[in-house]
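The values are calculated or read from the model by the stated rules, or taken from the named source; none is laboratory data. Treat the numbers as computed from the prediction; the structure is a model and nothing was measured. Cβ coordinates were reconstructed from backbone atoms using ideal geometry, including for glycine residues, and neighbour counts include every protein chain displayed.
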Amino acid sequence: MDGNKTVLATIGKGGLFGEMGLIDNKPRAAAAQAKFKTTVVVVTRAMFQEKLAKCDPFIRALLNILADTIRRK
């Protein structure tokens, strides 16, 4: 990397980031940095997989399709 930073998005209160990597297990497209004091709730892959295992297979498939569509853009 050349050391330059580009702001891709600003996430406000209640927002979330990193969800794509949990859904499709692919590398992150970006990093995050807080500008202010922040409380972060970490959702591990194991936690996500546990929740996902309990949901309808249609929802699991839909999440994968959505993640793939977003990454292709």
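Summary table below
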| item | result |
| --- | --- |
| Evaluation of Asp68 against (1) charged (D, E, K, R); (2) in contact (Cβ under 8 Å) with a residue 12 or more places away in the chain; (3) in a loop (DSSP other than H, G, I, E, B) (one fails), failing number | (3) |
| Single residue of segment 48-61 satisfying the filter (surrounded by fewer than 12 Cβ atoms within 10 Å (Cβ to Cβ) and among the hydrophobic types (A, V, I, L, M, F, W, C)) that is farthest from Glu19 (Cα to Cα) | Phe58 |
| Subset of segment 18-54 (residues that are of a type in the set (Asp, Glu) and either free of Cβ contacts under 8 Å to residues at least 40 places away in the same chain or in a loop (DSSP other than H, G, I, E, B) (or both)) | Glu19, Glu50 |
| Residue check, Arg60 on the phi < 0 side of the Ramachandran plot, modelled with pLDDT of 90 or more, out of contact with any Cys (no Cβ under 7 Å at 6 or more places or on another chain) and not hydrophobic (A, V, I, L, M, F, W, C) | yes |
| Meets criteria (touching a residue at least 12 places away in the same chain (Cβ under 8 Å), closer than 23 Å to Leu63 by Cβ, under 14 Å from the mean Cα position of the chain (by Cα) and part of a loop (DSSP other than H, G, I, E, B)) for Ala9 | no |
